[in-house]
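Undergrad: Sharing a structure with you now.
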Amino acid sequence: MVAHNVIAHSNAHTLPRPVQYENRFMHVKRVFNTQPEVMGFVICVGETIHERMLKKPLMTCLLSVQAGLLLSFGILMSCQVGGRWGSSTGVNNFVFAGFGIPFGLTFIVMCQGAELITANYMFCTFAVLAAEPEDRMRQIKGLLGNWFVCWWANLGGAVLHFVVFAWSSGLMKTVAVDNDPYSDPTGSLENLEKLWYESAASFREDFNGDFCTRGNWGNANVCKVMKVCRAKCTAAFTTSIIRGAGCNWMVCLAIWLQMIATEPISKFIMIWLPIELFISSGFDHLVVNQFLIPAGIMTGGHYLDSRCNWGNAFWFNWFPVTLGSIIGAWFLVFPFWLINKDGWYAGVKQRAAITEAETKFVDGKVEDA
């Protein structure tokens, strides 16, 4: 199952199966894939990711940037809808989690090639486990290269999306203290896109007042990203690891479940359920945070709390959440590998035997050796 010459992958392809109907056999599309079949699809995707990294690293970079951009569309929708819902209750969390971010992940899955680092932690690990001994070192090189490139490219895509589509367009306004927007030293933003304050203290006083609810919750989206940024940049290191692990366990489960399904609507439902669960529960998704934390910093979170800065973003969130995401992926990978490897190996041997038997016949005659 080595995909050395493959540079694009397809998720969960299925073949029709013969079903008896009125004394005749007809092909009926399968409604689900078995667990060993899904593991085979995951391994194939992982091998493809590695070969693409080793042979065409620029394509890996572009597909990873694309994944960051696609997921960010969903995150922005969550901020615009859930962030303005008008409360901090469970209903607000449910709306923020369920309307936006799952759409972005669905775009990535349906694009069949966009590379999200959190999913690649699962794909690449499965490919290494399934590799032949003589091929394992090559798979490990592909894994390490992909994880490095994809991580940074996802961050670049997320920040690029916020800067172009949310920040510079005015969908999220920027706090300007003493006519000095923290993230706009060149003065490129228009006045309508700024919130003016005489000092950081006056902004903090207003923020603790009716800033979030004023104007029919008009600033609630900015309020949301600043609060998230402050919470993420001040979290304990171990807390971020645990939250990252819980998140990516559910993300990898969403990818696995959508591969069990064969219909687009079923795939979306299988993606939506785990994503809704982990976001509304409060876990940390690495690429989501790579959008929300820069958004909070650039819109003026630094004036709200000086700890909202790039150094704290890396050390207290992105780095520990990366470690947690790898651990969370492995929570799914290793049990599923142990459970399904015998069935997968049996399927590989069966397909190899069928292929060998078919190659011995040409036009119904046995081919000479």
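The values are calculated or read from the model by the stated rules, or taken from the named source; none is laboratory data. Note that this is a predicted model, so its numbers are computed, not measured. Positions of Cβ are backbone-derived with ideal geometry, glycine not excepted, and every protein chain shown enters the neighbour counts. Side chains included, ligands, DNA and RNA excluded: accessible areas come from the protein's heavy atoms. Shrake-Rupley method; radii C 1.70, N 1.55, O 1.52, S 1.80 Å.
Undergrad: Report the relative contact order of segment 248-369, percent, no decimals, based on alpha-carbon pairs under 8 angstrom and at least 6 residues apart.
TA: Numbers: 63 pairs, mean separation 31.9, N = 122.
So the answer I get is 26 percent.
Undergrad: Note down the magnitude of the dipole of segment 219-297 about its Cα centre, charges +1 on Lys and Arg C-beta and -1 on Asp and Glu C-beta and zero elsewhere, to the nearest 20 debye.
TA: 320 debye
Undergrad: Of 224/267; 56/224; 56/267; 173/232; 232/341; 55/349, which pairs sit farther than 32 Å apart, going by alpha carbon to alpha carbon?
TA: 56/224; 232/341, as the Cα separations exceed 32 Å there.
Undergrad: I would also like to ask the following. Tell me, how many Å apart are the Cα centres for segment 306-330 and for segment 220-249?
TA: 9 Å
Undergrad: Which of the peptides 257-265, 243-251 is most tightly packed, and how do the rest follow, judged by the mean count of other Cβ atoms within 10 Å per residue?
TA: The packing order, highest mean first, is 243-251, 257-265.
Undergrad: Quick check: net charge around residue 138, other residues with Cβ under 14 Å of its Cβ, Lys/Arg +1 and Asp/Glu -1?
TA: So the environment of residue 138 carries a net charge of -1.
Undergrad: On average, how much accessible surface per residue is there in segment 215-369, in Å², for a 1.4 Å probe, leaving out ligands, DNA and RNA?
TA: I get 46 Å² per residue for segment 215-369.
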